[in-house]
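Structure, as structure tokens:
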Amino acid sequence: MQQAESTSTPAATPSYPGHGTERADAPASRQLPTRVVTLLTLLLEQPISLYAAAVLRIGYGFLYFAFLLREFPHRDENWGPGSPWTPALARQLFDQTGWVSFLTLSDSRAYFEVCYTAALVTSVLFMLGWRTRAVSVLFAVVVASFHARAIFMTDGGDNLILLMALYLVVTACGRRWSLDARRVRLRATAGKAGRVPPGRVSGELRRHLHDARLTVTTVLHNCGMLVIAAQVCFLYGSAGLYKVQGASWGNGSALHYALNLDLFRPWPGLSAVADGHVVLIAAICYLTVLVQVAFPFVLFGRLKYPVLTVLLGMHVGIAVFLGLPLFSGAMIVADAVFLPDRFYRYLGRLFRGAARRTTAGEAGTPPREEPVLVPPQHTPSSQ
């Protein structure tokens, strides 16, 4: 975005509105086409939130792998031939709903074990970012198949993971922090990145096809990330509006009832201690409703950082007090889409600096002086 502004704006004119005589005196009819061109340039030429897409890939791949590993002793009762919801019943439901699952293609136990092992391997490969374009499709098929096989056992966390798995298929979630990115980096170091495979078409046509492919992948990635962000906004906004309509959230007693439900009390003693703080419970109720309703309107500026921190604490509390780790993990990973790439680059510099200091300390050599790491600053064009 900054590059597009610098090419379309003279050097003497500031690159942001509100300064300078030409931009300040220009009518809205002239500024609108410029903003549209800038937006189209960003959408068509520059992939956005590549680090956030990588976090989504790693997070959901790890979550689903952990979920399948946790349910491994109960896999036959949940999805296998020994489930009370038999494959025959599932196929009857599929005829009515249109769902499809490769788990119901055969009633053989050996076939089911192979499918379960393949699902575990697919989740790991997707998390690591190996051949992400193809593996992302396989991961979406795995999540949809297991979701459809036991549709009556799913909850909000399963639904969100299914949606995100489908959205991530069209994103370039393997360009950062992946085995694919490492392979591209090694090829560039070896001087093989500029090689063009031999073919009958001319070099110019090959270049045009390459540019068209990059444009299509960039547009799909940007649209996919925007849809993911919109999905999270709708989720929080609708949840907050539904809470406003309930009397228990209005009088601050909703969490009191939730903490006293046997189904959501993994630690009864801890729930009893938390339920004893009546004022704190009421304050958390009101803060939850306020943050969820206001979430779609605070995504720009630095206000989103404290809001995301509050949501992180809320989801950790849901995982601990209500015993819903999968749902909380899915929501925490989804919130990562709103953090800019400069935030993840800053975290990467901190991690590398800490790793170098640890290595130097173990070797007994004084650590090398590190440059001062400045926290990411907010700029209008970086949002």
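The values are calculated or read from the model by the stated rules, or taken from the named source; none is laboratory data. These numbers were taken from a predicted model, which means no experiment stands behind them. Here the Cβ is made from the backbone with ideal geometry for all residues, glycine too, and neighbour counts use every protein chain on show.
Select from region 170-192 the residues that are under 16 Å from Leu50 (Cβ atoms) and outside any helix (DSSP H, G or I) and list them in ascending order.
Of everything in region 170-192, those that are under 16 Å from Leu50 (Cβ atoms) and outside any helix (DSSP H, G or I) turn out to be Val170, Thr171, Ala172, Cys173, Gly174, Arg175, Arg176, Trp177, Ser178.
Any idea which of Val289, Val333, Val307 is in contact with a Lys or Arg (Cβ under 8 Å, 6 or more places away or on another chain) and surrounded by 15 or more Cβ atoms within 10 Å (Cβ to Cβ)?
Values: Val333 fails: in contact with a Lys or Arg (Cβ under 8 Å, 6 or more places away or on another chain); Val307 fails: in contact with a Lys or Arg (Cβ under 8 Å, 6 or more places away or on another chain).
Result of the check over Val289, Val333, Val307: Val289.
What number of residues within region 129-140 are crowded, with 18+ Cβ neighbours inside 10 Å and touching a residue at least 24 places away in the same chain (Cβ under 8 Å)?
Number of matching residues: 5.
Tell me, please, whether a residue that is touching a residue at least 60 places away in the same chain (Cβ under 8 Å) and either surrounded by 13 or more Cβ atoms within 10 Å (Cβ to Cβ) or in the same structural domain as Gly348 (by TED's automatic domain parsing) (or both) can be found in region 36-43. Full working, then the answer.
Initial filter on region 36-43 (touching a residue at least 60 places away in the same chain (Cβ under 8 Å)): 42-43.
With the extra rule that they be either surrounded by 13 or more Cβ atoms within 10 Å (Cβ to Cβ) or in the same structural domain as Gly348 (by TED's automatic domain parsing) (or both), the set shrinks to 42-43.
There is at least one residue in region 36-43 that is touching a residue at least 60 places away in the same chain (Cβ under 8 Å) and either surrounded by 13 or more Cβ atoms within 10 Å (Cβ to Cβ) or in the same structural domain as Gly348 (by TED's automatic domain parsing) (or both).
Residues checked against (1) assigned by TED's automatic domain parsing to the domain that holds Gly157; (2) under 23 Å from the mean Cα position of the chain (by Cα); (3) modelled with pLDDT under 90; (4) farther than 28 Å from Gly252 by Cα:
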site: Pro296; (1), (2), (3), (4): no, yes, yes, no
site: Thr309; (1), (2), (3), (4): no, yes, no, no
site: Gly329; (1), (2), (3), (4): no, yes, no, no
site: Gly353; (1), (2), (3), (4): no, no, yes, yes
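If Asp95 passes every condition in (1) at pLDDT 95 or above; (2) farther than 30 Å from Pro340 by Cα; (3) out of contact with any helix residue (DSSP H, G or I) (no Cβ under 7 Å at 6 or more places or on another chain) but one, which one does it miss?
Unmet condition: (1).
Confirm whether Leu263 is modelled with pLDDT under 90, assigned to a helix (DSSP H, G or I) and more than 23 Å from Leu163 (Cα to Cα).
Values: modelled with pLDDT under 90: yes; assigned to a helix (DSSP H, G or I): yes; more than 23 Å from Leu163 (Cα to Cα): yes.
So Leu263 passes the test.
How about region 95-109: which of its residues are outside any helix (DSSP H, G or I) and either under 16 Å from Phe146 (Cβ atoms) or touching a Lys or Arg at 6+ places or on another chain (Cβ under 6 Å) (or both)?
At the first step, the residues of region 95-109 found to be outside any helix (DSSP H, G or I) are 98-101, 105-108.
Passing the criteria: Trp99, Val100, Ser101, Leu105, Ser106.
How about region 36-69: which of its residues are over 13 Å from the mean Cα position of the chain (by Cα) and at pLDDT 95 or above?
Tyr64, Phe65, Ala66, Phe67, Leu68, Leu69
What is the residue count in region 143-169 for residues that are hydrophobic (A, V, I, L, M, F, W, C), under 18 Å from the mean Cα position of the chain (by Cα) and assigned to a helix (DSSP H, G or I)?
In the first step, residues of region 143-169 are kept if they are hydrophobic (A, V, I, L, M, F, W, C); the result is 143-144, 146, 148, 150-153, 160-166, 168-169.
Those still in the list that are under 18 Å from the mean Cα position of the chain (by Cα) too: 143-144, 160-166, 168-169.
Retained after the next criterion (residues that are assigned to a helix (DSSP H, G or I)): 143-144, 160-166, 168.
Counting residues in region 143-169 that are hydrophobic (A, V, I, L, M, F, W, C), under 18 Å from the mean Cα position of the chain (by Cα) and assigned to a helix (DSSP H, G or I) gives 10.
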